[in-house]
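The values are calculated or read from the model by the stated rules, or taken from the named source; none is laboratory data. Since we're looking at a predicted model, the values are computed, not measured. With ideal geometry, Cβ positions are generated from the backbone for all residues, glycine too; neighbour counts draw on all protein chains shown.
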Amino acid sequence: MKKKREYQSSELVKSFARLNGFEDKLRALRVKSFLEDYLDESLFKEVKSINLKEKVLVLRINSSMFRNDLRLRKSFFLKKMQELEGEEHINDLLIL
């Protein structure tokens, strides 16, 4: 008799990401999802890309006014992202 294993899809995705080195991409997607819910639709459209590399979250913003506003509130957003993903995974926030 074979042993049947049951996994939730989220566990499979996390396991696949860990095995293939995509954990940072998965975290960046969760941050993107958070920002999509948190920001107004018009502001979210100004977000060009979100990447996480070597524990630095990089947000590329199209609008210079929105970019400057985010830079002024960098500590607030960094803290929110650290609460979302954990301080051990995000050390800094770079807004370009």
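Some points to look at:
- Against the criterion of being charged (D, E, K, R), under 12 Å from the mean Cα position of the chain (by Cα) and surrounded by 11 or more Cβ atoms within 10 Å (Cβ to Cβ), Lys45 does not qualify.
- Near pairs, Cβ below 6 angstrom, 6+ apart or cross-chain, from region 8-31 (surrounded by 13 or more Cβ atoms within 10 Å (Cβ to Cβ)) to any residue that is of a type in the set (S, T, N, Q): Ala28/Asn51
- Region 48-77 - residue that is under 12 Å from the mean Cα position of the chain (by Cα), hydrophobic (A, V, I, L, M, F, W, C) and not in a helix (DSSP H, G or I) and, of those, farthest from Asp92 (Cα to Cα): Ile50
- Yes/no for Arg18 being under 20 Å from Ile90 (Cβ atoms), modelled with pLDDT under 95 and part of a helix (DSSP H, G or I): yes
- Taking each residue of region 79-96 that is within 12 Å of Val31 (Cα to Cα) and assigned to a helix (DSSP H, G or I) and looking for partners that are basic (Lys, Arg) and modelled with pLDDT under 95 with beta-carbon atoms closer than 7 Å, six or more apart or interchain, yields Leu84/Arg30; Glu85/Arg27; Glu85/Arg30.
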